[in-house]
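First up is the structure itself, then whatever we jot down about it.
The values are calculated or read from the model by the stated rules, or taken from the named source; none is laboratory data. None of the values given here were measured: they were computed from a predicted structure. All Cβ positions, glycine included, derive from the backbone under ideal geometry; neighbour counts span all protein chains shown. The protein model used for the area step is the full one, side chains on, heavy atoms only, and it has no ligands, DNA or RNA in it. Shrake-Rupley method; radii C 1.70, N 1.55, O 1.52, S 1.80 Å.
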Amino acid sequence: MKIDKITLYHLRMPLRSPFETSFGRSEARDSILIEAYSDGQVGFGECVADRDPGYSSETAVTAWHILGDYLIPTMIGMEISSLNMVFSTLNFVRGHYMAKAGLEMAVWDLVGKTTERSLKNMLGGNRDRVAVGVSVGIQASPSKLVDVVSDYLAAGYQRVKIKIKPGRDVEDARAVRKVYPDLKLQVDANSAYTLETAKALQPLDKLDLLLIEQPLAEDDLWDHARMQSKFQTPICLDETIISPRHARQAIEMKACRIINIKAGRVGGLSQARLIHDLCYAQGVPVWCGGMLETGVGRASNLALASLPGFTLPGDISATERYYLEDITNESFSLNPDSTINVPDRPGLGVSINRDSLEKFSLVKKSFP
Ligand code: SMG
Ligand code: MG
């Protein structure tokens, strides 16, 4: 298969409600949609780099540059004989995993449509529906947080993650735990602590949390290992795990007991599957993280989370939790048992609503 043409769209979509994390608050979500053509067939991929370099050093603008000036010129016209070769072909560019992952996703979608196989089937998934939860941003106060959590529980979510930052951690988690003693609850700090300031998190150990996600710096395996040795609650790494090698080293160093897998963070679905396989072989639980994706990235996350090692609920919520209007014709809804169905049509199994795409596009560019 050869790609003849690619169009990029820089999107900005309003969020239904602002999302606040330890690194900032946002009211809209930027991303890049990648539309790749081969022989009259079209595939889509989503690059999850956001407007600001808060979650990671990549932004939609750096991804636009790397895609347009390096990755796309390499891929156009090249014979793609296997999906695994995409990541290695793009390896001449260091880093920029979100840009690479978005492009690779479009190739998976193209191959799936051409061979009439669903992404789930191509990846080796074995579930028709996957357990999901909701990620709740930092609220104005602990009592407001409890209200927001209550609304999500009423909507059917059975696992809740709350965002924390220094000064808004133990009290927030305690407030939720007090009202919901049996809730599957976890926290995510997005690298907001140091080994020293993380001592303030010790009371979390008494709250029966599923996990504490990414408390320390993204490039720090060692201090996570030191912290894990002092906490009974499993530490889960997100930002730190950017490759199968990082996953292996984190497990060997006991820097975490659980891994959050995001294809965007690790350079694509092939790399994400390698991390899954490695964790599965060693009995380390994994779950699928989220980046407030559009329907395109959401379809990809659902397929990835259908692999057998994804034993904890993912940050994959229903479309209505994020957007009033999405760019896909399909929207995803929550089943009463806090699961979402995995698409089963060829490729990602979603189609694009051209009017919405135009409406949310800031810039558009075609290659060649
Ligand atoms: O997609 O439901 C979602 C968001 C899940 O909290 C979420 N993601 O660190 O895990 C994380 C954050 C990163 C995104 S912040 C824009
Ligand atoms: Mg996280």
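Data table
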quantity	calculated
From the options 28, 63, residue that is among the aliphatic types (A, V, I, L, M), assigned by TED's automatic domain parsing to the domain that holds residue 94 and not in a helix (DSSP H, G or I)	28
Qualifying residue in segment 288-303 (condition: farther than 29 Å from residue 37 by Cα, touching a strand residue (DSSP E or B) at 6+ places or on another chain (Cβ under 9 Å) and not assigned by TED's automatic domain parsing to the domain that holds residue 87)	no
Those residues of segment 1-43 which are small (Gly, Ala, Ser) and open to solvent by 40 Å² or more (accessible area, probe 1.4 Å), in sequence order	17, 40
Set 69, 151, 109: member being in a helix (DSSP H, G or I) and closer than 30 Å to residue 172 by Cβ	151
Looking only at segment 271-293, and only at residues there that are open to solvent by less than 10 Å² (accessible area, probe 1.4 Å) and more than 23 Å from residue 155 (Cα to Cα), the one that is farthest from the chain's Cα centre (by Cα)	279
Selected residue [open to solvent by 60 Å² or more (accessible area, probe 1.4 Å), out of contact with any Asp or Glu (no Cβ under 7 Å at 6 or more places or on another chain) and in contact (Cβ under 8 Å) with a residue 60 or more places away in the chain] from 129, 226	129
Selection status of residue 67, crowded, with 24+ Cβ neighbours inside 10 Å, among the hydrophobic types (A, V, I, L, M, F, W, C) and at pLDDT 95 or above	yes
Residues (more than 25 Å from the chain's Cα centre (by Cα) and either part of a loop (DSSP other than H, G, I, E, B) or at pLDDT below 95 (or both)) located in segment 165-209	167, 180, 181, 182, 195, 196, 207
Tally of residues being open to solvent by 70 Å² or more (accessible area, probe 1.4 Å) and within 20 Å of the chain's Cα centre (by Cα) across segment 85-98	0
Selected residue (only one of 182, 151, 219 is within 16 Å of ligand 2 (Cβ to nearest atom) and open to solvent by 20 Å² or more (accessible area, probe 1.4 Å))	219
Filter result for residue 120 (crowded, with 22+ Cβ neighbours inside 10 Å, in a helix (DSSP H, G or I) and modelled with pLDDT of 95 or more)	yes
Any hit, segment 92-102, residues being modelled with pLDDT of 95 or more, assigned to a helix (DSSP H, G or I) and farther than 21 Å from residue 46 by Cβ	yes
Where a residue in segment 294-315 is farther than 22 Å from residue 163 by Cβ and open to solvent by 10 Å² or more (accessible area, probe 1.4 Å) and its partner, wherever it lies, is more than 16 Å from ligand 2 (Cβ to nearest atom) and in a loop (DSSP other than H, G, I, E, B), with Cβ under 6 Å and at least six apart	308/126
Segment 53-63, residues that are surrounded by fewer than 18 Cβ atoms within 10 Å (Cβ to Cβ) and within 9 Å of ligand 1 (Cβ to nearest atom)	54
Odd one out for residue 139, checked against (1) surrounded by fewer than 18 Cβ atoms within 10 Å (Cβ to Cβ); (2) polar (S, T, N, Q); (3) in contact with a helix residue (DSSP H, G or I) (Cβ under 8 Å, 6 or more places away or on another chain)	(1)
